[in-house]
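The values are calculated or read from the model by the stated rules, or taken from the named source; none is laboratory data. Computed from a prediction, not measured in an experiment: that's the story for all the values here. Cβ placement follows ideal geometry from the backbone for every residue including glycine, while neighbour counts extend to all protein chains displayed. Remember, those area values only see protein heavy atoms, side chains included, never the ligands or the DNA or RNA. Shrake-Rupley method; radii C 1.70, N 1.55, O 1.52, S 1.80 Å.
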Amino acid sequence: MGYLAWYLILVLLNLFLGKLLYLFSLVKGRYNLRKRRKTTHDNLVDRISYLPHEILVTILSLLSLKEAASTSILSRQWQHLWTSTMNLNFDDEDTLCRTARPPGGKAQELANLRYVNWVNSVVEQHRGPKVEQFRVSFHLDKRSSSSIDKWIRFAMKKGVQMLDIDFLEYGFHQSYTLFPHQVFGFKQGSAFEVPNLDPCMYTGFKSLKDLCFKNVDVAEEVLQYFLSNCPVLERLSVYNSRYVSRLRVVGTSIALKYLEIRECFMMESIEIRDANLVSFTYAGHTIINLLIRNVPRLVDVSICEPNNLFFEVVFTQLSYCLSQLETLKLTYNVLFRCDRIFPTMPNLRHLGLIFEGDDAFALVNLTYFLQACPYLHKLVLQMHYEGPLKSFARAPKFSHNFLKVVEMVGYVGRTSDFALVRYLTKTAVNLEKIVVNPVQTWLLQSLNYRIMKDQILKWQETVRDRARNVAQNQLHGELPPNVRINLPNLEEFYCGGNKFTGTIPASLSNSSRLRMLNLAENGLTGTLPAENLGSLRSLVSINSSHNRLGSGTTGDWNFLSFLANCTSLEDFGMDTNHFGGEIPSS
């Protein structure tokens, strides 16, 4: 929620409290009529309530549904104003996490009933002429089909622009609820025919821009009807639907720009031809028949098909658009390539790949892939490991002049990770930033991330422990004085017990959440950049012992005055260095 919305809420509450104080003073008999115009409370002018109705509704639509409903206590004028909100997002995350358990329990049934009653109540009370967003996210099943039918009809009649239906159920057990065919005049299992719709329904079709189905069995006939009859539909996402086997996006009359198909196990073929598509994502467990022809605006493609023939199949399927792509994400190991012949992608700027940390030839193949992307700007590597690796095969010498940003996702601090970092710093001669991310991408993209949050946090802590244990790897080299460290969420930094030289990077101050800093037992020189580190209010521990810091002269300890701003600092180790002079008394 934006700052503007919170500010308006605070102003409204302030006005409301002012009115309460005024009424309280009346009851107590302490109000002086002669001084009424001079009282502080009368100077409070409720300007917001006099704004046009449309503006007030727009403001409330910036809030969550429950927050908007809470404004009904402000005054009679505001009592029903929230019922015109254009943002109906029924995402009950707290209840979803509490009731994530095997099906059949009474608690789960009660939670489902409360959720359905909540949505029904809001839908029945809604007074606004239109709805921009309608989102349902809960573990519902066919027992709620009549209510679901009513919700869809309501959203379409209100001219919904974003329709998001997610029937997630019980963690990994998906609830495949059939999308209400009768809403569109289809009969289950019937061939595609143009249905006779309620005239009011056409309003929804004309306004719909974003459509998302998750864990919903929606027939391909329904999807095709949406594509053909929604003139401004730009985004379509389908997750975990069993009834979709074929999908065609053909013709310039279809407005679709973003298409995302994930985990549709019955999917056999996707045809995209003569279309306006800009971005396409497919993730599945089998190779499908993918036909892409004459899609001049397509610049962003992401493909995940775990198969031994992944490279040959995918690059053949994408052969007609490879030269125009700007972003390509291949979430399977295409670097396992014997002939090391990769098609040239001259316009590619952003590349995402799986990097097998236990493949001896991974760096060699990565070199040939980078050569095929001469103007690449950002490289994201999803780290993957299955077994031990002693060393990588020597990669051919190559300099990439345009690669500036590298992100390593799933970094755990193995020997192969360090070898990859050394390779990248030598190959990308103009590299500006390396982002190290220990979190696995698949966890963040998981439909069950909210339910698994506690387990994921425990796993992340295990990764941090491993990173601490591998800190003493005898790494060596000089830290460049102008190195840019841009990790705003970094909380712990350990590089003790190595052989680093050079000065301590002042850019560590960019990590505003940094708590633990361990630089001990290296060969660092210069002084501690306390003027920069003094801005780190969360810093708890600094250890730079056993280095070569200081010059042995008076003034070496002046940096201590800047650390006074580190109000959380508890541990400070600076022994066995070259500091000279006296320690300041204050």
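Below is a table of values for the structure above.
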read-out: Residue-wise HN-Hα coupling along region 229-238, computed from phi with Karplus coefficients 6.51, -1.76, 1.60 (Hz; x: Gly, Pro); value: 10, 10, x, 10, 5, 10, 9, 10, 10, 10
read-out: With DNA, RNA and ligands ignored, accessible area of PHE398 (1.4 Å probe; Å², nearest 10); value: 50
read-out: Heavy atoms of TYR243 accessible to a 1.4 Å probe, total area in Å² rounded to 10; value: 100
read-out: Solvent-accessible surface ranking, highest first, for PHE361, PHE134 at 1.4 angstrom; value: PHE361, PHE134
read-out: Gained length - THR415 relative to ALA255, 0.36 nm times residue gap less alpha-carbon distance; value: 52.7 nm
read-out: List CYS304, CYS373, ordered by accessible area with a 1.4 Å probe, largest first; value: CYS304, CYS373
read-out: Cα gyration tensor category, rounded, prolate or oblate, for region 207-314 with a/c compared to 1.5; value: oblate
read-out: Nearest-0.05 FRET efficiency for ARG537 and LYS150, computed from C-beta distance (R0 60 Å); value: 0.70
read-out: Other-chain or far-sequence residues with amide H under 5 Å of ASP141's (modelled H); value: none
read-out: Built amide H within the under 5 Å cut-off of GLY573, gap 5+; value: ILE542, ASN543, SER544
read-out: Computed over region 485-560, Cα set: Rg, Dmax in Å; value: 12.1, 36
